[in-house]
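S.K.: Would you mind keeping the following structure in view while I ask a few things?
The values are calculated or read from the model by the stated rules, or taken from the named source; none is laboratory data. Note that the structure is predicted; figures quoted are calculated from it, not measured. With ideal geometry, Cβ positions are generated from the backbone for all residues, glycine too; neighbour counts draw on all protein chains shown. Calculation scope for accessible area: heavy atoms of the full protein, side chains included, ligands and nucleic acids excluded. Shrake-Rupley method; radii C 1.70, N 1.55, O 1.52, S 1.80 Å.
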Amino acid sequence: MSEEQDRQPDPHASVFDAMAARYDQHMEVTGHTVTASQLLRRALAFVGSVRRVLELACGTGFATEILLNELPRSNVVAVDISQEMLGIARARLRNDLRAAFVQADLEQLDAEQYLGAFDLAAVVYGICWFELEAVVNLLDKALGDTGKILIIDDVCLPQPIFSQRFPHLADTIAGARTFKSEAEITAAFASGGFSLKWRAQDAVADTHESYAILLQRQ
């Protein structure tokens, strides 16, 4: 699959554009790269057979690459608001035609276009940027009858880490991110007909912990 779709970016995209060049380094230094890799691979062992994956907030394509490697028979549609982030992701996966990239804010995605098209949705360190209701509504339409949702995020919001790494963006980031607990996310998706299938938690360096939850349509 080689389709690519670019839309006019939201003004907030400039914040993520400014982080793009150093984002992978930030994830590596803070320990998120190792933790996310471990949690993602553990979770995918419980996913089963999937053919179409929708990834929200794909960023520089770090998790996209793992999804493609661990799910060799799957195609991934990876969405992000940032053109700069997507540029890095496209370069990372330029030889894998199973990856398609869409530049859009969540509210810009046409859920009807993807109606029941996906077996799995993944959001890795990105759920904090979204309104939960919008995500639930989108994935309720985009996922098929046996669709699953995989979410990985921090147990608590490590705001000082972002402030130290991106001091010129600290105030903007603080205003844009909204911490959502595992319980809050699980409850929100339960209202949309999804139940908890699997969960795990792991340390991120010595600073805090991340969790992974796998939800399945009831």
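S.K.: Under 7 Å between Cβ atoms, which residue pairs at least 6 apart in sequence (or on different chains) link something in the stretch 69-89 that is in a helix (DSSP H, G or I) and among the charged types (D, E, K, R) with a partner that is modelled with pLDDT under 95 and open to solvent by less than 10 Å² (accessible area, probe 1.4 Å)?
M.R.: Hits for this filter: E84/A20.
S.K.: One residue is enough: does the stretch 45-52 have a residue meeting the conditions open to solvent by 10 Å² or more (accessible area, probe 1.4 Å) and under 19 Å from Y125 (Cα atoms)?
M.R.: No.
S.K.: So which of T35, T60 is modelled with pLDDT of 95 or more and either over 22 Å from R90 (Cβ atoms) or open to solvent by less than 10 Å² (accessible area, probe 1.4 Å) (or both)?
M.R.: T60
S.K.: May I pose another question? So, of the residues in the stretch 192-218 that are closer than 18 Å to S49 by Cα and among the polar types (S, T, N, Q), which turns out to be modelled with the lowest pLDDT?
M.R.: Filtering the stretch 192-218 for residues that are closer than 18 Å to S49 by Cα and among the polar types (S, T, N, Q), the one modelled with the lowest pLDDT comes out as Q218.
S.K.: With respect to L67, is the statement that it is open to solvent by less than 10 Å² (accessible area, probe 1.4 Å) and within 21 Å of L196 (Cβ to Cβ) true?
M.R.: For L67, the condition - open to solvent by less than 10 Å² (accessible area, probe 1.4 Å) and within 21 Å of L196 (Cβ to Cβ) - is met.
S.K.: I would also like to ask the following. In the stretch 115-160, what residues are of a type in the set (G, A, S) and in a strand (DSSP E or B)?
M.R.: A121, A122, G144, G147
S.K.: Related question: Taking only the stretch 178-205 into account, find how many residues are open to solvent by 50 Å² or more (accessible area, probe 1.4 Å) and touching a residue at least 40 places away in the same chain (Cβ under 8 Å).
M.R.: 7
Residue-by-condition table, conditions (1) in contact with a Leu (Cβ under 9 Å, 6 or more places away or on another chain); (2) over 16 Å from I152 (Cβ atoms); (3) of a type in the set (G, A, S):
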site: L44; (1), (2), (3): yes, no, no
site: V50; (1), (2), (3): yes, yes, no
site: I66; (1), (2), (3): yes, no, no
site: A78; (1), (2), (3): yes, no, yes
site: S82; (1), (2), (3): no, yes, yes
site: M85; (1), (2), (3): no, yes, no
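S.K.: May I pose another question? Please enumerate the residues belonging to the stretch 115-135 that are open to solvent by 10 Å² or more (accessible area, probe 1.4 Å) and at pLDDT below 95.
M.R.: Matches in the stretch 115-135: L115, G116, A117, Y125, W129, F130, E131, L132, E133, A134.
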